[in-house]
Amino acid sequence: MPSVKFLFAWRVLPVLALLAACAHGSSDEPMSEAEQLSTLYQRTCGGRTAQACFEQAERLRVGDGVAKDEARAATLHELGCNGGERRACVALGVLKEEGRGVAKDEAEAARLYARGCEQGLPEGCGHLALLYGEGRGVAKDLAQAVRFYERGCEGDDGLSCNNLGVLKLMGGFGVTQDVAAGMGMLVQACNRNVGVACLTVAREFDQGVRTRKDARLAASYFRTACGMGEQEACAAASAAVAAKPEPAPAVTPEEGAKLEKIRAMCETGSGVALGMACYVMGTAYEKGASVAVNPGRATMYYQRACDHEVPEACGDVRRMLGLTVDGAKAEGPKRSVLESLQLDPAKVAPEKPKQSVLESLQLDPAKVAGHATPPRDPIERWTQECQGGRGKADACGRLGEVLLWGSSGQKPDVAKALLLLEQACNRRGVDACLQLWRAWSLGHDFVNVPKDERKGLAMLELGCAWPDGGAACERLGDVYMKEDLGRAVKTWQSSCFEQEDSTSCAKLMIITRKLANNGPEALRENAAKALPLYQAQGCKARMKDECTALGLPMPKDVVRVRRLKEACDAGDPDACGELAQAYQQGREIEWDRAEEIRVAAQGCDGGSAEACVQLAKHYRGVRGGAPLDLDAMLARAGQACSLKSSTGCGLKARFLEEFGKLTADAPQVREARYLACLYLPEARRSGPCEK
């Protein structure tokens, strides 16, 4: 009996052939817009391809290339929704809520929104929350509205983040006032092109009631809101531009290429390198270096850097959100926004600070003094487990990364770091292979690693060969794509089918759909035959849209997280930390908050600083509606700091200032800041760490 790999290669051989032919060009004329509509949408929208129904319905709804017809759009959205296309359910809900093209039915709209939300579409949660908040189509329930806003914002829905952000900013609907969280959510919504969110942020900086007054940031957000169609912001934006126009940066091709390289490192890198790159991007967007000034994007990049071992970025986040030094809330909420939310100003008065630190934090002194038996020093643990490169690959890789960057209080040792990373890569350490590929293929300005694309490619190819090499294969396909389309596709096939890498599956389907729709006529049939196979495997890799289109249930997890579970159960705390992150993200494994906290606690108590940081942020009460637990929050941040995490020490200092009402000169805060600096990669320190 042939192996699975051989059988798969035989089944997709026609697709490889047609891809190679397409890569060399074709004399066929491309299909016209009318032909595409007649051969693609009209042929497949009869319930067989729900996604096609949704796309054609959206064209009809807005009049994109066809005559606008909202009634026909509603019909196609209903077909798509019944066929399992969750986006169609939410789109049909909007039409029914507003009575456009169909009879107005807010109760049915609520049911459709709930269906989309339950299937993991955050926009459905946001629309449903609005109905619960206003009592339209459902009984008014403010607590339910908040819960659905939280689910929607966690999925990055702009509407949800805007509304929840305002509620947190003001303290309405029973939500505890939290200026930091509220401003962060509003900036997130602004980055999702929600103009009213940009306008609210602009007003906050303009009036300086809850945040500091900052004319420059106010002007920038007014301009952004105006560009999104918020007419109220345009007058303020025009006045700001007339007073002091924002200069457009002059960018050379070399500067642009360098910035894109840094952006790619931020979006696809890992560990400290990712954090550094994101910090540079935040600075670029704040200062207008090679990009237009955009404080919203700057804030988001700083936040990403803060989450990845760059503690000074955490301070920049608070600065960009306009918070005061000690995080204190302003005395009085702004009346105009309260009126827009129909809130009672008397019910949103900020809390009065308590007198002592322990009273303010409501902490148990015994728990703060020592949460648990301190876990082993991670450097010592990795050194012992690595055993000079002959032991655990993950331990060697983590130790090599620390020595490469000089983080966790270690002196940089590039030669030893590269040796450990190479040994880890040779022993199935995929992350180490990726580290070496980035170091040698791109070169690093932060550490003295010379560029060597040949060596980098060899490490990437080796990483792709290992059982967990999905991420390496996906990037290897991108490298091959520049010169050999067929080789790139074959690499993505291996990653998609053997390692269940969803990004590789998505790239396969994009290319195959293009061929099926617009490729040479002789090759379209083969592409169309291969597409269902790719869709089925995409569903197996937890691609929601593909499972929905095929009417299949979503698998609970993928190969990588199953291996992480085994390693975590076997006592590997770092694997528990990675598994907890997978639960929190919900992409590779079914979202499970309780299980996330369980494995994160197991990892943290075993010595994973990343797991401790994740727990501290969870208990901070800003993720997924988690309740604020000051006791656990400070204890877990302290654990992360004891494990030589710069981020953990930075969180500890920030929590003491924000909730303990301590000044920056307090001994506890200064000690935490010193350790945050000491554990920061040496290349990122602005100067000597002052104790």
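Listed values, structure above:
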read-out	value
Spin-label model distance (nm) - R136 vs A664, 7 Å beyond Cα toward Cβ	4.6 nm
Length added when fully stretched, E682-D69, from 0.36 nm per residue minus Cα-Cα	214.6 nm
Carbon and sulfur %, accessible surface of region 646-691 computed with the full protein complex present, 1.4 Å	48 percent
Cα-projected label distance for E595 with K529, points at 7 Å along beta-carbon direction, nm	3.9 nm
Residues whose placed amide H lies under 5 Å from that of H308, excluding near-sequence neighbours	none
Euclidean distance between Cα centres, region 496-568 to region 101-141, Å	30 Å
Accessible area per residue, Å², region 485-571 with all protein chains present, probe 1.4 Å	45 Å²
Subset of K451/K507; K416/K482; K140/K565 violating a 30 Å alpha-carbon distance limit	K416/K482; K140/K565
Heavy-atom surface of region 594-691, accessible at 1.4 Å and reported per residue (Å²)	37 Å²
Per residue solvent-accessible surface (Å²) - region 44-148, probe of 1.4 Å	42 Å²
Förster radius 45 Å - calculated FRET efficiency between T283 and E108 (Cβ-Cβ, nearest 0.05)	0.35
Karplus-derived 3J(HN,Hα), 6.51/-1.76/1.60, for each residue of region 404-411, Hz, glycine and proline x	5, 9, x, 9, 6, x, 8, 6
For region 376-497, with +1 on Lys and Arg beta carbons and -1 on Asp and Glu, the positive-most of G486, A472, P378 along the dipole	P378
Among 491-499, 527-535, 456-464, the order from most to least packed when residues are scored by Cβ within 10 Å on average	491-499, 456-464, 527-535
Integer Hz, Karplus 6.51/-1.76/1.60 couplings in order for region 575-591, x for Gly and Pro	5, 4, x, 5, 5, 4, 5, 4, 4, 5, 6, x, 8, 9, 8, 4, 4
Table column - 3J(HN,Hα) (Hz), region 677-686, Karplus curve with 6.51, -1.76, 1.60, x for Gly and Pro	5, 5, 8, 5, x, 4, 5, 9, 7, 6
Net charge dipole size for region 575-687 [Lys, Arg +1 and Asp, Glu -1 on Cβ; Debye, nearest 20]	420 debye
Distant-in-sequence amide H partners of V449 (H built 1.01 Å from N, under 5 Å)	H444
Cα shape, region 566-645, gyration tensor, a/c 1.5 rule	oblate
Residue-span extension gain [K514 to L552] - 0.36 nm each, minus C-alpha spacing	11.3 nm
Within the accessible area of region 404-520 (1.4 Å probe), percent carbon and sulfur	49 percent
Most to least packed among 62-72, 584-594, 605-615, 104-114 [average Cβ atoms within 10 Å]	605-615, 104-114, 584-594, 62-72
Electrostatic dipole magnitude of region 477-545 [Cβ: Lys, Arg +1; Asp, Glu -1; Cα centre; debye, to 20]	160 debye
Segment R376-A292, extension gain: residue separation times 0.36 nm, minus the distance between their alpha carbons	25.6 nm
Heavy atoms of M481 accessible to a 1.4 Å probe, total area in Å² rounded to 10	90 Å²
Cα gyration tensor, region 479-554 - rounded (a/c under 1.5), prolate or oblate	oblate
Inter-label distance for N448 and D484, nm, one decimal - labels placed 7 Å from Cα along Cα-to-Cβ	3.6 nm
Residue-level accessible surface for S407, protein heavy atoms, 1.4 Å, Å²	10 Å²
With every protein chain in place, region 109-155: carbon and sulfur % of accessible area (1.4 Å)	50 percent
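The values are calculated or read from the model by the stated rules, or taken from the named source; none is laboratory data. In this text the structure is predicted, and so the values were computed from the model without any measurement. Please note: Cβ atoms are built from the backbone with ideal geometry, for glycine as well, and neighbour counts cover all protein chains shown. Protein only, heavy atoms only, side chains kept; ligands, DNA and RNA dropped before computing areas. Shrake-Rupley method; radii C 1.70, N 1.55, O 1.52, S 1.80 Å.
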